[in-house]
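The structure appears below as structure tokens.
The values are calculated or read from the model by the stated rules, or taken from the named source; none is laboratory data. Please read these numbers as outputs of a predicted model, since none were measured by experiment. Glycine also receives a Cβ, built like all others from the backbone with ideal geometry; neighbour counts cover every protein chain displayed. Remember, those area values only see protein heavy atoms, side chains included, never the ligands or the DNA or RNA. Shrake-Rupley method; radii C 1.70, N 1.55, O 1.52, S 1.80 Å.
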Amino acid sequence: MQTKEDGIHATNRDFIRYDQVEKQQTYHLAESTGDEQFDEEFRIRTCDIGRFLHGNDADRRAFAEELGGALREIGFAVLEGHGVDPALYDDAEAHVSEVFTRCSLDEKMRFRAQRHGSVNQGYFPIKETSNMHPDLVEGWVFCRRAFDLEETPVRVEDFWPLPEYEPSFRRIVRAHEALILPVMQSLLLYLGCDPHLYARKLTATNFGLRLNYYPPMSREDDESGAARLLGHEDIDLFTFLPAPSSEGLQVLNRRNMKWIRLSPPRGTIILNSGDYMQRISNDIFPSTTHRVSKPRDPARRGQPRVSFPMAVYVWENEMLEVLPCIPDAKYPPIKAIEFHTSITSKFYGDGYAVKA
Ligand SMILES: [Fe+2]
């Protein structure tokens, strides 16, 4: 049986049997010193989504071409012109730190992550983000049901250790929700599909806002070979990640197997496609490997790092089918819960998968 410490030396191929889309890339889960290469040339494209939100038909098509081209090439793009108030992100950054540092471990463990539907939701202690590998991150996943969105009454104290912060994170998920259909319509337009094909599935759909707190690294952790966050692909349609203020995010360029360091300006949103999107797009939009590395400057490893990506899902009972406008489907239809939990059992153990 694999132990977590084996995971420090593992590659993604050791877990490839769990994947539900084709992945030909091979990479070490942790950063390995010495033999890794970095791509200093590749520029992940910045796309102005304001052209879709406020433009005419031609503007919307131009944006769709740009975004679709970026995701097809690398699975990542940077969104500007989205209209989300950057002050929300500044506040959130401070609140994430407080959620993890003001509460005791006992208080946090009351919310320990459990699967509900497709998604493991709640608190993930440090080094327990997955069974595969000891990541140096604490995480907290809040899905739609953790927010007081006025659809059904929610007792926010059942989900939030500091309930006073729910409203400010709710403003962020509301703002990002308004971007879900514009992004999906753009990608469908790019593929030549009916742009409204996912209108129903993505109206009031499920999402997971994940708060990540990477504490200051001790020398022992630094030397252990553990990563801040192991290399992985996102299990979702796409992810909105407000540009973090600390460096660390790296994206794997499958064409040359070099890592791209991605640190776009504050206020922008990093968008990447995930496994659901790769599946329904018949591999046109890849679910691209990324990870969080330690700061290059050892002096900065003593500082915490914060991020708060929001993963966009379809509800667990929806089917994931290759889009009807794409010929020669490589994959049969599959229920979202089966697809999702079959993949996440690589993180949480074989018993995690739900057969639909
Ligand atoms: Fe990710």
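Within region 41-84, list the residues whose amide N lies under 12 Å from a label point set 7 Å along Cα→Cβ of Q24.
Backbone N within reach: none found.
Looking at the P(r) of region 195-303, how many percent of alpha-carbon pairs lie beyond 18 Å?
In whole percent, the share of Cα-Cα pairs in region 195-303 beyond 18 Å is 59.
Does region 42-124 come out rounded, prolate or oblate by the C-alpha gyration tensor, with a ≥ b ≥ c the root eigenvalues, rounded set by a/c under 1.5 and, if not, prolate when a/b is larger than b/c and oblate if not?
Cα axes put region 42-124 in the prolate bin.
Let me make sure I get this right: for region 117-276, a, b and c are the square roots of the gyration tensor eigenvalues over alpha carbons, sorted descending. Under 1.5 in a/c it's rounded, otherwise prolate if a/b > b/c, else oblate. Which is it?
oblate
Rounded, prolate or oblate for the chain? Axes are the square roots of the Cα gyration tensor eigenvalues, ordered a ≥ b ≥ c, and the cut-off for rounded is a/c under 1.5.
Since a/c stays below 1.5, the shape of the chain is classed as rounded.
Kyte-Doolittle cut-off -0.5, length cut-off 27 Å along the helix's own axis using Cα: show which whole DSSP H helices in the chain pass.
Membrane-span-like by this criterion, though nothing is claimed about a membrane: 166-191.
Along the principal axes of its C-alpha atoms, what lengths does region 101-154 span, in descending order and rounded to whole Å?
That gives 38, 28, 14 Å along the principal axes, largest extent first.
Taking only pairs that are 8 or more places apart or on different chains, how many Lys pairs in the chain have Cα atoms under 23 angstrom apart?
22
For V354, enumerate residues with amide H under 5 Å from its amide H, sequence gap 5+ or separate chain, H modeled in the peptide plane.
Amide H to amide H, under 5 Å and 5 or more residues apart or across chains, V354 pairs with T341, S342.
Considering only protein heavy atoms and a 1.4 Å probe, what is the carbon-and-sulfur percentage of the accessible area of region 257-313?
52 percent
Kindly point out, ordered by number, any Cys in the chain whose beta-carbon has no other cysteine beta-carbon under 4.7 Å away.
Taking the Cβ cut-off of 4.7 Å, the unpaired cysteines of the chain are C47, C103, C143.
Using a 1.4 Å probe over the heavy atoms of the protein chains, calculate the carbon and sulfur portion of the accessible area of region 42-172 as a whole percent.
The nonpolar share, carbon plus sulfur, comes to 45 percent.
R102 to R174: FRET efficiency via 1/(1 + (r/R0)^6), r the Cβ-Cβ distance, R0 25 Å, to the nearest 0.05?
Once rounded, the FRET efficiency stands at 0.50.
Please list 96-107, 297-308 highest first by mean number of surrounding beta-carbon atoms within 10 Å per residue.
297-308, 96-107
With a 1.4 Å probe and every protein chain left in place, work out the accessible area per residue of the chain in Å², rounded to a whole number.
Per-residue accessible area for the chain comes out at 42 Å².
Suppose only helical runs count, i.e. DSSP H with n ≥ 4. What mean residue ellipticity at 222 nm does that imply for the chain under -39500 (n - 2.57) per run, divided by all residues and rounded to the nearest 500 deg cm²/dmol?
Here the helix-only value at 222 nm equals -8500 deg cm²/dmol.
Amide H to amide H, which residues 5 or more places from K294 or on other chains are under 5 Å from it, using H placed in the peptide plane?
R228
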